[in-house]
Amino acid sequence: MIHLSDVTVQFGSQVLFQNASFQLLPGSHTGLVGPNGSGKTTVFRLIAGEQEPDSGEISRPKKTTVGYFSQDVGDMAGRTALQEVMAVAGDVTRLGEEIREMEQAMNEPMSDDAMAELLERYGDALEAFEHGGGYDLESRAQAILTGLGIPPEQHGNPVESFSGGWKMRIALARILTLNPDVLLLDEPTNHLDLESIVWLEDWLRSEFKGSVLLTSHDRDLMNRAVDRIVEVADGTFTTYTGNYDFYERERDIRREQLIASHRRQQEMLAKEEAFISKFAARVSHAAQVQSRIKKLEKIDRIELPSEEKTIRFGFDDPPRSGDEVVKIDRLGKTWPGPSGDTSVFGGISGLIRRHDKIAVVGVNGAGKSTFLKVVCAKTEPTDGTVTLGANVRLGYFSQHAMDLLSPDRTVFDTVQDAMPQSNIGVIRNLCAAFLFRGDAVEKKIEALSGGEKSRVVLMTLLAKPLNFLVLDEPTNHLDIRSRVILLDTLARFSGTILLVSHDRHFLRSIANRVFEIDHGQMRVFDASYDYYMEKKQEETGQ
């Protein structure tokens, strides 16, 4: 459907792509992967027509509709949420008006030629109107808004009343409602909760019939919603037929094969070059020497792609806490409001034991973050008690923690402040383990992205002698590679963890217990996250 042929894109001295090609096939669901800065967003912009390549061609059939969701939602004002979503189908709305006008015109007397011309235009308009989903536009927009977590009673609210994260959902709903031939989704899950991510996954798998190009930090989404992977790395595109897990396995196999071929070629080259060097001055071997020189000139040298090494930081074992880390007794929390108090949860009890790794789950707005704040004494409970056990040393991560970083400090300075007794080598090793290598440790906090700031906060937390980590959405803003590093670190952590995350792969890999907050109550599952999901599916009959 869409072909990128021999595309080259360069920014200054940085070459993103060099004579690179790939195809976006009709009906295919393709995942776009690659390290930060490799050019994934540039690929989206090229396909969307927002950017031209320096050389090469981008071909797409005429009348192909492309819908592009990016992190830049633009201005939203003067409409309700539903009107904003439906406005994306302006062409379809105009077609509907033209169809009604043509239907009225058909009732008027006209020549046969004029009627034939009108009928032809009418047929084309009907086809385009139907293709654009004109007959069910409003119901489709309502269903998509609701699926993305905005309930029907809020569809009529002005867009100005929504926060930035909720505006991102409205922007995503616009693109999905458009129902384009080609759907480009650049990190659509960044501002979605778990329920909305699952809804989007199901919608892509069962509802959308066009082509999808998707990049996301959510591993489960990339596994379940795509059937091809295109890797952007080292200036080229490499295609893998399968989901993200398949891509990782196949990529490692291909790399091992390439390394083996490179090693054999290097051995052969060394042998040939040694022969040339030994007999270059001998007239009796001149013909053989020249033959081997020409042979070497014709050989295509195998180049190994760049690879960032994964560094594991050896954290010291935290001090031992008591066996009972937290005792929760009939806990309740109510927030005061202009129209009366709002109860978040009430009467919940439970026990957090040493070595527990607990996932706190529940629908958006159920009170998960509030529960964590109460446990950490960041807010007072309205009812009940939270009692920390003996020798519990608690560390708390939230998105708000990123705002507390000193913008003028460097990454190195910030980590050093957290571990003042450690030498430079230890601090640099920790920074390298969290992907701050070389000069990157000298970057100022104010120049970092959201994901980089998250990594800095997590480093400062993990560097301290803590035995109880309370983590509220630590995976937000982190790409898949950063999530793997954090996952590995937490899996090796010998203390206790209480965790909220929308990353199902993360929860599945970490949690050995689940606390579900639902309708103000808490249910405890003394089992894995997979077991919890199985029980939930049994309850809902899905």
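The values are calculated or read from the model by the stated rules, or taken from the named source; none is laboratory data. Keep in mind that what you see is a predicted model, and the values were worked out from it rather than measured. Glycine also receives a Cβ, built like all others from the backbone with ideal geometry; neighbour counts cover every protein chain displayed.
Matching residues to (1) of a type outside the set (A, V, I, L, M, F, W, C); (2) in contact (Cβ under 8 Å) with a residue 60 or more places away in the chain; (3) over 27 Å from Arg481 (Cα atoms):
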| position | (1), (2), (3) |
| --- | --- |
| Val15 | no, yes, no |
| Ser21 | yes, yes, no |
| Val33 | no, yes, no |
| Gly37 | yes, no, no |
| Ile47 | no, yes, no |
| Glu52 | yes, no, yes |
| Thr64 | yes, yes, yes |
Next item on the list: Under 6 Å between Cβ atoms, at least 6 apart or on separate chains: pull out the pairs that start in the stretch 140-167 with a residue that is in the same structural domain as Leu82 (by TED's automatic domain parsing) and end on any residue that is of a type outside the set (Val, Ile, Thr) and exposed (fewer than 11 other Cβ atoms within 10 Å of the Cβ).
Entry: Glu160/Ala77
Note to self: I need a count of the residues in the stretch 386-427 that are farther than 26 Å from Asn476 by Cβ, touching a helix residue (DSSP H, G or I) at 6+ places or on another chain (Cβ under 9 Å) and assigned to a helix (DSSP H, G or I).
What the structure shows: 1
Next item on the list: Please state which one of Ala527, Ala511 is hydrophobic (A, V, I, L, M, F, W, C), in the same structural domain as Glu473 (by TED's automatic domain parsing) and free of Cβ contacts under 8 Å to residues at least 24 places away in the same chain.
Entry: Ala527
Next item on the list: Return yes or no: is Leu478 at pLDDT 90 or above, crowded, with 20+ Cβ neighbours inside 10 Å and closer than 27 Å to Gly37 by Cα?
Entry: no
Notebook entry, point to check: Can Leu82 be described as at pLDDT 85 or above and in contact with a Gly (Cβ under 7 Å, 6 or more places away or on another chain)?
Noted result: yes
Notebook entry, point to check: Mind checking which residues of the stretch 435-474 are buried (at least 20 other Cβ atoms within 10 Å of the Cβ), more than 24 Å from the chain's Cα centre (by Cα) and assigned to a loop (DSSP other than H, G, I, E, B)?
Noted result: Ala463, Leu466, Asn467
Notebook entry, point to check: Residues in the stretch 236-258: is at least one farther than 30 Å from Thr42 by Cα and among the aliphatic types (A, V, I, L, M)?
Noted result: no
Check: Checking Val374 against (1) surrounded by fewer than 19 Cβ atoms within 10 Å (Cβ to Cβ); (2) touching a Pro at 6+ places or on another chain (Cβ under 6 Å), which test does it fail?
Finding: (1)
Check: In the stretch 49-83, how many residues are out of contact with any Lys or Arg (no Cβ under 7 Å at 6 or more places or on another chain) and closer than 24 Å to Trp166 by Cα?
Finding: 16
Check: Does any residue of the stretch 423-442 turn out to be in contact with a Gly (Cβ under 6 Å, 6 or more places away or on another chain), assigned by TED's automatic domain parsing to the domain that holds Arg354 and either closer than 26 Å to Ile197 by Cβ or not small (Gly, Ala, Ser) (or both)?
Finding: no
Next item on the list: Mind listing whichever residues of the stretch 218-254 are in a strand (DSSP E or B) and either surrounded by 18 or more Cβ atoms within 10 Å (Cβ to Cβ) or of a type in the set (A, V, I, L, M, F, W, C) (or both)?
Entry: Arg228, Ile229, Val230, Glu231, Val232, Ala233, Phe237, Thr238, Tyr240
Checklist line | Positions within the stretch 1-17 being surrounded by fewer than 20 Cβ atoms within 10 Å (Cβ to Cβ), in a strand (DSSP E or B) and at pLDDT below 90, in sequence order | finding: Gln10, Phe11, Gln14, Val15
Next item on the list: Could you name every one of the strands (runs of 3 or more DSSP E) located completely within the stretch 22-136 that has at least 1 residues being within 24 Å of the chain's Cα centre (by Cα), not polar (S, T, N, Q) and not assigned by TED's automatic domain parsing to the domain that holds Ile480?
Entry: 29-33, 66-69
Next item on the list: Would you mind stating whether Glu130 is closer than 20 Å to Phe208 by Cα, out of contact with any Cys (no Cβ under 9 Å at 6 or more places or on another chain) and either loosely packed, with under 12 Cβ neighbours inside 10 Å or not aliphatic (A, V, I, L, M) (or both)?
Entry: yes
